[in-house]
Amino acid sequence: MKTRPEITAVIVLATLLAACSAKPPAEALLDDYLTRLSRVLDVPRPESSTLSARETPLPRLPAQRELAVEIQPLSINLLDLWGFRQCELAEVLGERNSVLGRVLVPSQHLHMDGRILLALRACQHIVEDEELLALTVELERGKQQQWPQRYWNATVAAPELRQFWSPSSSPLVPGEEASYQRAEAAMDFLAALPQQLAEGRWPERAELEAHYQALDLYSLGGRLLHSLRLGQSAIAEANYLLQEAIEQRRLCPAGLQKVELKYARNVMAKVFAGEVQPWLAAINRRASTLLPRYQRLIDQQPTDLQARITPFNHQVSRLHQDFQQTLRDHVAHWQTLFDTCGSQAIPDQGR
């Protein structure tokens with residue numbers, strides 16, 4: 001006979017196992033829709049109809065060693081550094097060459113290089129020593145040549161972007177879809193940095209880090225990709241069920257409408273239009289606003305480096321396109337189902 005502590009432990013373990021095995025709300029919603037649709041159409045779901053069994057791998061970024069670019073640091077001797085004190089460049093270079101400056105993350109490297117470039121340009125209007133002036137020009141040219149790689153490492157190849165697109169097992173929750181406004185603003189902000197630098201403007205470090213933090217939290221990109229894949233997979237199965245019912249005239253054999261046609265209309269209106277479609281629309285809206293911003297960020301990069309991210313970007317775009325096409329097909333299949341049976345998808349309310 002089990003003691004009370006043993007019984008309590010069993011109950012707690014059973015509760016934890018149940019929680020771990022519970023489907024995410026989005027998957028439960030889609031699974032319920034497919035089950036109802038299968039029943040009302042009298043078409044069995046495919047044997048491999050469990051959503052997790054049919055999922056294809058999510059798009060993944062290339063390995064960090066394949067994506068990031070190694071940049072050789074520019075050096076300057078102490079005498080030259082001392083000469084730059086009159087134009088405040090010595091302070092920035094000293095900070096860059098400190099112990100902490102040597103272990104900067106890519107976003108901090110980018111911010112520091114932006115400050116250095118602007119300081120070098122300002123120095124050229126202040127220093128009078130010809131050798132020092134020539135050195136500022138040389139250093140600016142070197143930093144400018146490095147800038148595209150530095151910008152790449154701190155944006156497309158940044159750890160924060162890798163975390164943003166990190167594959168997630170948690171799709172967005174129906175009715176509680178996360179806001180992507182901060183992530184979208186961060187993408188816009190990073191894409192505008194080259195123009196800001198060209199115009200002699202540069203953000204404060206705190207402002208830049210706030211945008212990186214927005215990308216680093218919650219793997220929102222990965223959750224969006226998971227949601228797109230899950231939605232496309234489920235609706236593709238729903239299209240199969242509808243296509244089978246249409247071809248076999250399951251709801252109107254010999255031209256006679258069965259009562260199940262009415263039930264199918266209820267499933268379409270209450271479950272699909274009332275519950276499933278709002279979630280699919282929310283996913284599509286987020287993808288339609290986020291992905292063009294990501295593309296603009298890629299467009300700011302050197303052409304040779306863009307090739308490193310092209311396969312991933314194409315997979316993401318294709319996933320969204322397939323999602324949209326599958327949803328359009330689904331609406332068309334519903335319409336065809338009722339047309340085939342000589343009925344209307346939405347009854348005339350005037351009759």
- Only residues that are within 20 Å of the chain's Cα centre (by Cα) and open to solvent by 40 Å² or more (accessible area, probe 1.4 Å): list them for region 318-332, please. ARG318, GLN321, ASP322, GLN324, GLN325
- Note on the structure: Looking across region 188-210 at residues that are over 14 Å from TYR151 (Cβ atoms) and in contact (Cβ under 8 Å) with a residue 24 or more places away in the chain, the single one that is most open to solvent (accessible area, probe 1.4 Å) is ARG205
- Message: I'm told LEU117 meets every condition in (1) more than 28 Å from GLY221 (Cβ to Cβ); (2) open to solvent by 20 Å² or more (accessible area, probe 1.4 Å) except one. Can you identify the failing condition by its number?
- Response: (2)
- Note on the structure: A careful count of residues in region 127-171 that are closer than 20 Å to ALA90 by Cβ, outside any helix (DSSP H, G or I) and open to solvent by 60 Å² or more (accessible area, probe 1.4 Å) gives 2
- Item | Which listed residue, of GLN295, GLN300, GLN335, is open to solvent by 80 Å² or more (accessible area, probe 1.4 Å) and either touching a helix residue (DSSP H, G or I) at 6+ places or on another chain (Cβ under 7 Å) or within 21 Å of MET187 (Cβ to Cβ) (or both) | GLN300
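For region 215-229, check the following and say yes or no: at least one residue is open to solvent by 50 Å² or more (accessible area, probe 1.4 Å) and in a loop (DSSP other than H, G, I, E, B). Explain how you work it out, then say what you get.
Filtering region 215-229 down to residues open to solvent by 50 Å² or more (accessible area, probe 1.4 Å) leaves 216-218.
Within this subset, residues satisfying the condition of being in a loop (DSSP other than H, G, I, E, B) are 217-218.
Yes; the residues of region 215-229 include at least one that is open to solvent by 50 Å² or more (accessible area, probe 1.4 Å) and in a loop (DSSP other than H, G, I, E, B).
The values are calculated or read from the model by the stated rules, or taken from the named source; none is laboratory data. All of these numbers come straight from a predicted model, not from anything done at the bench. A quick note on method: Cβ atoms are made from the backbone with ideal geometry, for glycine too, and the neighbour counts reach across all protein chains shown. Each accessible area value is taken on the protein alone, full model and side chains, heavy atoms only, with ligands, DNA and RNA left out. Shrake-Rupley method; radii C 1.70, N 1.55, O 1.52, S 1.80 Å.
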